[in-house]
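**Q** Let me give you the structure first, and then I'll get to my questions.
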Amino acid sequence: MLEVQALTVTYGASQAVAGIDLSVVDGAVALLGPNGAGKTSTLRAISGLVPYGGTVRFCGEELRGRTADQIARLGLIHVPEVRHVFPTLTVHENLQMGSVAARSRQGDYSIDDVYSLFPALAALRGRDGYALSGGEQQMVAIGRALVAAPKVLLLDEPSLGLAPVVVQSVFGALAEIRRRTPVLLVEQNTQQALAVCEQASVLVNGRIEMSGPAAELSDRQAMLASFLGQKDVVDTA
């Protein structure tokens with residue numbers, strides 16, 4: 001579905017991503033790393049939001065030269081860290097905006113499917129976006145992306161700033177989503193990411209330092225924790 005080769009991202013004299021390779025075929029792939037490792041820059045390059053070197057192919061098509069909206073229309077849907085919920089639209093209207101983005105693509109998710117994945121949203125369907133908590137906004141942002149008929153879903157830090165109970169709800173939904181839609185997940189909550197993903201890579205200073213099956217990386221906790229600057233991976237939940 002998604003193949004990234006020798007990807008580089010540079011801001012002035014600073015190189016944020018230094019020639020990485022990634023691929024997403026099915027299931028979920030995690031991109032882990034400390035702050036400033038280049039994870040968000042990688043997603044922004046894939047979605048056409050920043051210039052890049054190297055090659056990004058989606059469903060066999062080279063994406064260089066395509067704008068972000070053209071890439072989204074192909075079905076590569078990006079949920080950014082900042083969520084971007086429409087503040088004056090209700091929950092239901094925000095989800096309907098996903099239907100507009102889908103255009104003629106046939107997706108796997110209806111708005112009712114989103115309410116099933118995130119039951120808390122069903123009772124809030126008439127509430128305006130500005131009145132939602134951070135966790136509720138995250139559910140809406142992911143739900144809207146699903147209604148947009150993604151062929152691959154890019155998620156940037158979905159657990160950031162959320163209460164533990166909401167994190168559990170979001171990752172419970174991701175465990176279901178990955179069965180129907182390939183996911184590239186950028187996340188600092190290592191334990192949750194490795195539990196929901198089949199493959200993972202660790203990005204440090206713009207370079208991939210570890211890569212392999214998520215279960216294998218989880219078993220190498222001491223090395224993983226050293227790359228992530230953590231005393232113990234299991235403390236990251």
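**Q** Restricting to the range 49-65, name every residue that is crowded, with 16+ Cβ neighbours inside 10 Å and either at pLDDT below 95 or in a strand (DSSP E or B) (or both).
**A** Of the residues in the range 49-65, the ones crowded, with 16+ Cβ neighbours inside 10 Å are 49-50, 52, 54, 56, 58, 63.
54, 56, 58 - these are the residues of the range 49-65 that are crowded, with 16+ Cβ neighbours inside 10 Å and either at pLDDT below 95 or in a strand (DSSP E or B) (or both).
**Q** List the pairs whose first member sits in the range 191-215 and is touching a residue at least 24 places away in the same chain (Cβ under 8 Å), whose second member is outside any strand (DSSP E or B) and hydroxyl-bearing (Ser, Thr, Tyr), and whose Cβ atoms are under 7 Å apart, counting only residues at least 6 apart or on separate chains?
**A** If the second residue must be outside any strand (DSSP E or B) and hydroxyl-bearing (Ser, Thr, Tyr), the pairs left are 191/236; 192/159; 194/218.
**Q** If we only count strands (runs of 3 or more DSSP E) wholly inside the range 126-217, which ones have 1 or more residues that are closer than 17 Å to residue 1 by Cα? Even if it seems obvious, please write down each step before you answer.
**A** Values: elements: 152-156, 183-186, 199-204, 207-213.
Ranges flagged: 152-156, 183-186, 199-204.
**Q** Let me ask you something else. So which pairs qualify, if the first residue must be in the range 126-137 and within 15 Å of residue 97 (Cα to Cα), the second must be of a type in the set (Gly, Ala, Ser), the Cβ gap must be under 9 Å, and the two must be at least 6 apart or on different chains?
**A** Here the result reads 137/129, each pair linking the range 126-137 to a residue that is of a type in the set (Gly, Ala, Ser).
**Q** Continuing with this model, one more query. Report whether or not residue 73 is free of Cβ contacts under 8 Å to residues at least 40 places away in the same chain and surrounded by 15 or more Cβ atoms within 10 Å (Cβ to Cβ). Working first, answer last.
**A** On the way: free of Cβ contacts under 8 Å to residues at least 40 places away in the same chain: yes; surrounded by 15 or more Cβ atoms within 10 Å (Cβ to Cβ): yes.
The answer is yes for residue 73.
**Q** Hey, among 193, 163, which residue is out of contact with any Phe, Trp or Tyr (no Cβ under 6 Å at 6 or more places or on another chain), crowded, with 24+ Cβ neighbours inside 10 Å and at pLDDT below 95?
**A** Working: 163 fails: crowded, with 24+ Cβ neighbours inside 10 Å.
Only one candidate passes the filter, namely 193.
**Q** Turning to a different aspect of this structure: Any idea which residue in the range 1-22 is farthest from the chain's Cα centre (by Cα), counting only those that are of a type outside the set (A, V, I, L, M), surrounded by 14 or more Cβ atoms within 10 Å (Cβ to Cβ) and more than 11 Å from residue 207 (Cα to Cα)? It would help to see each step written out before you state the result.
**A** Applying the first criterion (of a type outside the set (A, V, I, L, M)) to the range 1-22 yields 3, 5, 8, 10-12, 14-15, 19, 21.
Add one more test, that the residue is surrounded by 14 or more Cβ atoms within 10 Å (Cβ to Cβ), and what stays is 3, 8, 10, 15, 19, 21.
Now restrict to residues that are more than 11 Å from residue 207 (Cα to Cα): 3, 10.
Numbers: 3: 15, 10: 21 Å.
Once the filter is applied, the top-ranked residue is 10.
**Q** Can you pull out the residues in the range 160-193 that are under 18 Å from residue 75 (Cα atoms) and among the hydroxyl-bearing types (Ser, Thr, Tyr)?
**A** Answer for the range 160-193, where residues must be under 18 Å from residue 75 (Cα atoms) and among the hydroxyl-bearing types (Ser, Thr, Tyr): just 181.
**Q** Just to verify a result, which residue in the range 115-125, among those that are touching a residue at least 12 places away in the same chain (Cβ under 8 Å) and not aromatic (Phe, Trp, Tyr), is farthest from residue 162 (Cα to Cα)?
**A** 125
The values are calculated or read from the model by the stated rules, or taken from the named source; none is laboratory data. Note that the structure is a prediction, hence the values are computed from the model and not measured. Because the Cβ atoms are built from the backbone with ideal geometry, glycine has one as well, and the counts that use them run over all protein chains shown.
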